[in-house]
Amino acid sequence: MSSQVRALLVGINAYPPGVGALSGCVNDVDHFRDYLVRNFDPSRLGIEVLKDADATRDNLIRAFRQHLGKVGPGDVAVFHYCGHGARWASAAAFHDFYPDGKDEGLVCVDSRRPGGYDLADKELAVLIAEVSGRGAHVAVILDCCHSGSGTRGADAFRGLRPRVTHEVTRERPLESYLDGHYAQLATSGTPLWIPTSPHILLAACERTQLAQESPDNSGVFTSTLIEVLDKSGSDLTYADLFVRCRAAVRSRADDQDPQFETAGGFSAATGFLGRRASTTGRRYSVYADQGRWRMDAGAIQGVPTDPDKPVTLRLYPEDDQARVAGSATTVQVGPQKSEITLGFESPSSVRYRAEITSLPVAPLLVAFEGKVDQRSALEKALDADASVGVALTEVAHAGAYLLREGAGQLLLLQRETDLLIQGAGLGGGADQAAQALLPALRQVAQWERTLGLRNPATAMDLSKVDLHFAEQLAGGSEHVWPSSDIVLDLVQSGGVWEALRGEIRVRNRTDQPLHFTLMYFSTAFEIRILSNDPVPPGEQWVTLWGRDPDQTFFLEDGQNESIEQIKLVVSTERIDDFLLGQGALVLGHIESPTRSIQPEALVRGMGRSRPKLVHQNEWFTRELRIRVVRRLDAVGPQDLSIAGGQIVVKAHPKVTAQVSLASAQAASRGIGASSDFCQAFARQGLSLLNFSTTRGEPQNILELTDIQQGSALADEPLDIVLKVPLQPDEGLLALVSDGRHVFLGGDSAQDDEGCTHVTVDHLPDIGDQRRSLGGSLKLYFFKTWLRQRSVNQLRRLEFDPDGTFRYQQGDLAERVATARNILLLVHGIIGDTEGMATGVQACGLDRTFDLVLTYDYENLSTPIADTARQLQADLAAVGLQAGDGKRLTLLVHSMGGLVSRWFIEREGGNQVVDHLVLCGTPNHGSPFGQFDGARKILSLLTGLSLNYVPVLVPFSSAVMLLLNRSKRVTPTLEQMDPDSDFIRTLNASPDPGIPYTILAGDVDAYQEPSDAFFARMLAKAGKGPLFDALFAHQRNDIAVAVPSILGVGSGRAVAPVVRNVACHHLNYFVSAPGQAALRSVRWLGGPP
């Protein structure tokens, strides 16, 4: 154990306007501090914490030097940062180091004030070097991110928020870096260099990902890190911690992969924060060859290829492997061999064995469902054989594969398709079953690893190697596909399915011969070598596959779709393809060895002498993804029935289209198979329909392609009938996706016979990869449930220190009796009080009030006045009534404000309530009260829910489906008509004499932080001139016009306090502007 541990912990939530407030960083710092206090000797532990206003740039630098700088040899220094990360245009002097010209920095609380700067990576490198130079073990933990991919993944659909703020494009002067450190080097004539000192970086995500924070106000990475350490014990190596964190983070985020990096020879086999740990890694042969040192391992064996992270090695003499000879570093990682440089002098005649000491390639995550002893047996077997490359996780949706124990068997499954890969009986015990499945696990992991093979460090010019697929057409012509994603339609001619043929061609326009290895990845986890040929330089195209008449694409009987994955490895030296190829697994086999089926490699010699190489040991990869789809029939003047009669596309007099069924989770897609939004919706209880009539791959998607006369749909919509049994409280949603967002694909309504009709009146602006020139429509059908509750519930919230909360219904009267200052939450037409409670906790209102109550109620069929009277009775039953001596504040949303106002203004509630805070309440009505207006609003709100708040999809879609079914607004919605008797009577009420605070959202002022294309999404979802006409072109929050929200309190003795908020109707409580507005309210009993 080290003699001393010094920690600097920095957490920033309260960033100034324009940067973007966060909500979980201070919690993360507190939780990590608690972890350190629990696990390290207090007499050897020194912690300094900087939060919010204290976390200035100067304070951070000072604490780094004066606090962490007190470490000595053998001590541990840990720096933990939680906050925004960002990029900034770097000084020109650094462009030789970083050609992209960007700093990646930590955004301090004052970084974006005039004259301020982020703490750049170049500055952090100097600070780390100062501490590391004192002989300390240095660990840097960064829960932030610096850039994103520009796409929206599953985490955006889950409501997670990224810790990244805007990039600064203004070039930073050299003298601004760390008190002029680098400017002084330049002035003195010393070459500019960025120090690389021994340390380990634990980063929240990869560079192209986003570090997310959860709605429960914690960072995904920090909370996962602490959870893994608490569960597994702190005596882990960093390598083990890396593997386990990558697996465990899946319980919180789908698109975030923690990334650990070692620098300056720091060993990943070291124990976390200096604790003792021991492990033995896999070793590879090292020898001298033609004046260079080589290692018999490359990318195929799992050696990392990231150009920014050279792999560090520990070398052992081959004849004395108990003795460490020294260290080495990779110079170049090839497909099968790597060039390395030794960190010590050695005769070329000596051979060594190398063990990787930097972070490994992330293992394949496999979910496990079963007993603890079986999991322990599997983990023991996997730890004993690192070559398998698999890590287990308890998170069911974390990986593409699943190990499930049950019925006396241990089964390896493809999770999304439920395909049985192989299994083992448990009759011989847990250890024997684990050993029996290791070969299949190894083959699946190798299949995935080879499929993902790439070399970002190549020095070759990729633009000089061409790859294309030429589809052979009838009559001898061909179509050359312009991209690597290809869709081939399998059609019938004379009752026979025509064979699909095409050629895969390459062209080598470099100055040297190259080797082209073409591989096919089958659904049985076979890697078949289609070709392994040298191709000389020149302008001619060379066919690698497809000339043989037997080389075709086909579908098995009963199969409607397949995805064929083909990978090309281009290398300067010939690859030993026997190391790449692997035979097919016998799918479905239980407890017997897999019989290898070795494919025959087709190798043709060119018979040419080899010129001098321009590059050596260089390589890169290209991919082709060929999707073969069976064309089932065509839309036209006759009804079309497919999927065993489950889908009927009604006849249309003008529109024609080709019809096929496809899978949302194709079995051969490999890593990242399923659509992100499908995963997110499944977690909210929405189930994707499967129209398959046989076991095997599901058929979830109805595809209409080559649509002609699509404009005719506006006057004569297409009717698609789904004959799917539904329970009385269920409904179907038809959705489309443009790859970034999800939208309603048509209006759904149920007929008297229980069939669902999907009416399509326009084609969404979504591209199609086929050769056809017509339009396309790809419909996903989800089953949802109609959340109608006829039970009114008054409950209390119990907030836990970890950021979660629970509803409690018992002892309400006793809790009310002991409380002085009480908050009551009342929800609106969409949702319940759960989202409100999340916002209350994020704003700290759970600490402002002695007691927080919630009121959930039936909100579609019950008259609003009846709900108000029931609320009055329920409050009185627990002791909240006139003269109770309590201070009661109501925080209400949307229609909940109408319920509360009726209670206060018409039922004597002003003798009970002391303060009313209204958020988005339609005080003068809303288009919700009219059928066409309600349909348009609900369609847009459902679009918002689908993309940003999926937990609300069952609520918004429930109301929309009810409207479509009944063709009229519900009794409760009808009362929100601006001309209704209810609205007129309510607004004629006398002055209640209590203070009102009004929060009015404006969607046009809002920008979704996780999505730069928010406005485009709204337009596609239905917001446009026709929608804006519903509000007479007034500002609105999508559901209610701002004048209606503000339309209460005129002429009262106490005028309402108004807050204008840049938000929409669904995120008053979860958006940063909404929460800022809530914090600004003068709450009774709170700070002035």
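The values are calculated or read from the model by the stated rules, or taken from the named source; none is laboratory data. Quantities reported herein were computed from a predicted structural model and do not represent experimental measurements. Glycine also receives a Cβ, built like all others from the backbone with ideal geometry; neighbour counts cover every protein chain displayed.
When Glu405 is tested against (1) surrounded by fewer than 19 Cβ atoms within 10 Å (Cβ to Cβ); (2) closer than 18 Å to Gly429 by Cβ, only condition (1) is not met. Taking only pairs six or more apart or across chains, which ones have beta-carbon atoms under 9 Å, a first residue in the stretch 363-389 that is crowded, with 20+ Cβ neighbours inside 10 Å, and a second residue that is at pLDDT 90 or above and of a type in the set (Ser, Thr, Tyr)? If the second residue must be at pLDDT 90 or above and of a type in the set (Ser, Thr, Tyr), the pairs left are Leu364/Tyr401; Leu365/Tyr401; Val366/Tyr401; Ala367/Tyr401.
For the stretch 36-79, what are the residues that are assigned to a helix (DSSP H, G or I) and of a type in the set (Gly, Ala, Ser)? Steps first, please.
Filtering the stretch 36-79 down to residues assigned to a helix (DSSP H, G or I) leaves 36-39, 42-44, 52-54, 57-66, 68-70.
Result: Ser43, Ala53, Ala63, Gly69.
Which of the residues belonging to the stretch 751-769 are modelled with pLDDT under 85 and either of a type in the set (D, E, K, R) or part of a strand (DSSP E or B) (or both)? Those that are modelled with pLDDT under 85 and either of a type in the set (D, E, K, R) or part of a strand (DSSP E or B) (or both): Asp752, Asp765, Asp768.
Tell me yes or no: at least one residue of the stretch 171-191 is of a type in the set (Lys, Arg) and farther than 24 Å from Val138 by Cα. Scanning the stretch 171-191, I find at least one residue that is of a type in the set (Lys, Arg) and farther than 24 Å from Val138 by Cα, so the answer is yes. Scanning the stretch 370-391 for residues that are outside any helix (DSSP H, G or I) and basic (Lys, Arg) returns a single hit, Lys371. Which one is surrounded by the fewest Cβ atoms within 10 Å (Cβ to Cβ), of the residues in the stretch 314-362 that are under 30 Å from Leu518 (Cβ atoms) and among the hydrophobic types (A, V, I, L, M, F, W, C)? The extreme case among them is Val331. Of the residues making up the stretch 622-658, those that are free of Cβ contacts under 8 Å to residues at least 60 places away in the same chain and among the acidic types (Asp, Glu) are Asp633, Asp639. Scanning the stretch 341-369 for residues that are among the small types (Gly, Ala, Ser) and not in a loop (DSSP other than H, G, I, E, B), we see that the one that is nearest to Leu441 (Cα to Cα) is Ala367. Comparison of Val71, Val76, Val26 shows that the only residue that is of a type in the set (Val, Ile, Thr), in the same structural domain as Leu124 (by TED's automatic domain parsing) and within 33 Å of the chain's Cα centre (by Cα) is Val26. Considering only the stretch 574-582, I want to know if a residue exists there that is in a loop (DSSP other than H, G, I, E, B) and either at positive phi or modelled with pLDDT of 90 or more (or both). Within the stretch 574-582 (the criterion being in a loop (DSSP other than H, G, I, E, B) and either at positive phi or modelled with pLDDT of 90 or more (or both)), the answer is no, since none of the residues qualifies. Of all residues in the stretch 983-1009, those that are modelled with pLDDT of 80 or more and either surrounded by 15 or more Cβ atoms within 10 Å (Cβ to Cβ) or under 35 Å from the mean Cα position of the chain (by Cα) (or both) total 17. Of all residues in the stretch 707-747, which are out of contact with any Phe, Trp or Tyr (no Cβ under 9 Å at 6 or more places or on another chain) and crowded, with 20+ Cβ neighbours inside 10 Å? Residues satisfying the conditions are Ile707, Gly710, Leu713, Leu718, Ile720, Phe743, Leu744, Gly746. The test for being modelled with pLDDT under 90, in the same structural domain as Gln209 (by TED's automatic domain parsing) and either under 24 Å from Leu185 (Cα atoms) or assigned to a strand (DSSP E or B) (or both) holds for Ala86.
Considering (1) part of a helix (DSSP H, G or I); (2) out of contact with any Ser or Thr (no Cβ under 8 Å at 6 or more places or on another chain); (3) at pLDDT 95 or above; (4) not basic (Lys, Arg), the lone condition that Val899 does not fulfil carries the number (2).
The helices (runs of 4 or more DSSP H) found wholly in the stretch 1010-1082 and carrying at least 1 residues that are at pLDDT 90 or above occupy 1042-1045, 1072-1080. For Gly908, the test of being touching a residue at least 12 places away in the same chain (Cβ under 8 Å) and farther than 28 Å from Ala1077 by Cα is passed. Selection within the stretch 234-256: residues that are within 20 Å of Ala386 (Cβ to Cβ) and not in a helix (DSSP H, G or I). The member of this set that is modelled with the lowest pLDDT is Asp235. Taking the stretch 203-222 as the range and being closer than 15 Å to Val140 by Cβ and surrounded by fewer than 24 Cβ atoms within 10 Å (Cβ to Cβ) as the test, only Ala203 passes.
On the stretch given as the stretch 1040-1088, residues that are on the phi > 0 side of the Ramachandran plot and crowded, with 22+ Cβ neighbours inside 10 Å total 0. Quick check on Leu410: is it under 27 Å from Glu227 (Cα atoms), among the aliphatic types (A, V, I, L, M), within 31 Å of the chain's Cα centre (by Cα) and at pLDDT 90 or above? Against the criterion (under 27 Å from Glu227 (Cα atoms), among the aliphatic types (A, V, I, L, M), within 31 Å of the chain's Cα centre (by Cα) and at pLDDT 90 or above), Leu410 does not qualify. Beta carbons closer than 6 Å, at least 6 apart along the sequence or on distinct chains, pair a first residue in the stretch 247-270 that is at positive phi with a second that is of a type outside the set (Val, Ile, Thr) and in a loop (DSSP other than H, G, I, E, B) for Gly264/Ser197; Gly264/Pro198; Gly265/Pro198.
Could you tell me whether Gly993 is farther than 25 Å from Asp738 by Cβ and in contact with a strand residue (DSSP E or B) (Cβ under 8 Å, 6 or more places away or on another chain)? No; evaluated as a whole, the condition is false for this residue.
Those strands (runs of 3 or more DSSP E) of the stretch 475-562 in which at least 1 residues are over 39 Å from the mean Cα position of the chain (by Cα), considering only elements entirely within it, cover 478-480, 527-535, 542-545.
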